[in-house]
Amino acid sequence: PSVYFVLLDLGAAQLAEHQVGGIPNPAASQQRGFVVWDPADWTALVTSPNFAGYMFLDEMNRAPEGTLNSLLGVVLDRQISGRKLSDNCFVAAAANLGSKFVGVTQIDPALFARFNIGTLIPDAESWSRWAQKSGVEQAIIDFVLLDQKRTLLEILA
């Protein structure tokens, strides 16, 4: 992590609450006299002082409510199981918002307010200008521009 900028893609819908908040460690808890939580393995990466990158919470509003409550501590306090996120760990999320989506969990306003909200409206022309400047292969750009009546997301799907 000290050499690379990492993208940790966490499918929030597939995360169980204990995979964010950790699980109780009975032996350590008894020894100390209070509940000690063992964090999930992946948390060692984003809490490492050398970590630089994004923790991406995909499909956040499809996560179970308990998982969302655990993620609130990550986003609000920048901590997982009492361990501080790296100063260079950026948290980003994606969700399908609106009443037309089914099977989603209502995101608590306290969690929702911790993010800058934007809407992605892809179009082939804008993408192709970016792609030209970014060195994307011309064949790929030409393919995307082939049928501009379709949206970029339809083409790439």
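Taken one residue at a time, the phi angles of segment 134-147 give Karplus couplings (6.51, -1.76, 1.60, θ = phi - 60°) of 8, x, 5, 4, 4, 4, 5, 4, 4, 4, 5, 7, 4, 10 Hz. Gly and Pro are set to x. Spatially, segment 65-111 and segment 1-48 are offset by 15 Å when compared through their Cα centroids. Loop-located chymotrypsin sites (Phe, Trp or Tyr not before Pro) in segment 1-100 (DSSP state other than H, G, I, E, B) with a sparse environment of at most 16 neighbouring Cβ atoms within 10 Å: TYR4, PHE5, PHE34, TRP42.
For the chain, carbon and sulfur atoms together expose 55% of the accessible surface, with a 1.4 angstrom probe and every protein chain in place. I want to verify a result. In a Gaussian network model of the chain, Cα cutoff 10 Å, which of these has the top mean-square fluctuation: LEU97, LEU120, LEU72? Comparing LEU97, LEU120, LEU72 in a Gaussian network model of the chain, the most mobile one is LEU120. Each label point was placed 7 Å from the Cα along the Cα-to-Cβ direction; for PHE90 and ALA40 their separation is 2.2 nm. Solvent-free Debye calculation, one equal scatterer per alpha-carbon of segment 52-150: log10 I(q)/I(0) at 0.11 Å⁻¹ equals -0.51. For the residues GLN106, GLN132, GLN14, a GNM of the chain with alpha-carbon springs under 10 Å puts the largest fluctuation on GLN132.
Distant-in-sequence amide contacts of SER48, defined by a placed amide H-H separation under 5 Å and a gap of 5 or more residues or a different chain, comprise SER86. Evaluating 6.51 cos²θ - 1.76 cosθ + 1.60 at θ = phi - 60° for every residue in segment 42-48, the Karplus couplings come out as 5, 5, 4, 5, 6, 9, 5 Hz, glycine and proline recorded as x.
With a probe of 1.4 Å, find how much accessible area segment 1-43 has per residue, and write the answer as a whole number in Å².
On the way: 3010 Å² over 43 residues.
That works out to 70 Å² per residue.
Taking Cβ atoms as reference points and 15 Å as the exclusive limit, the residues near ASP87 contribute a net charge of +2, counting Lys and Arg as +1 and Asp and Glu as -1.
Here the gap between ILE121 and SER48, fully extended at 0.36 nm per residue and compared with their Cα-Cα distance, gives a gain of 22.8 nm.
For segment 101-116, backbone phi angles converted through the Karplus equation (6.51, -1.76, 1.60; θ = phi - 60°) give residue-by-residue couplings of 8, 9, x, 9, 9, 5, 7, 4, x, 5, 6, 4, 6, 7, 10, 7 Hz, Gly and Pro being listed as x.
By per-residue mean of other Cβ atoms within 10 Å, what is the highest-first order of 43-50, 121-128?
Details: 43-50: 16.4, 121-128: 13.8.
Order by mean packing, descending: 43-50, 121-128.
Computed from the C-beta positions of ARG114 and ILE23 and an R0 of 25 Å, the FRET efficiency is 0.50 to the nearest 0.05. The GNM of the chain, with springs linking C-alpha atoms under 10 angstrom apart, assigns the highest mean-square fluctuation among ALA131, ALA52, ALA63 to ALA131.
Can you show me the helix-derived [θ] at 222 nm for the chain, built from DSSP H runs with n ≥ 4 at -39,500 (n - 2.57) apiece and divided by the number of residues, rounded to the nearest 500. Show your work: numbers first, answer last.
Details: 8 runs with 57 residues, N = 157.
One gets -9000 deg cm²/dmol as the mean residue ellipticity at 222 nm.
Close amide-amide hydrogen proximity is noted between ALA93 and LEU57, each under 5 Å apart and 5 or more residues distant or on a separate chain (H modeled in the peptide plane; Pro and chain starts excluded). Annotation: amide H-H contacts under 5 Å for TYR54 (H modelled 1.01 Å from N, sequence separation of 5 or more, or interchain): VAL6, LEU7, LEU8, PHE90. In the chain, the DSSP beta bridges split such that about 25 percent are antiparallel, to the nearest 5.
The values are calculated or read from the model by the stated rules, or taken from the named source; none is laboratory data. This structure is a prediction, so every number in the text was calculated from the model and none was measured. Counting neighbours? That spans all protein chains shown, and the Cβs are built from the backbone with ideal geometry, glycine included. These accessible areas exclude ligands, DNA and RNA; they are computed on the full protein's heavy atoms, side chains included. Shrake-Rupley method; radii C 1.70, N 1.55, O 1.52, S 1.80 Å.
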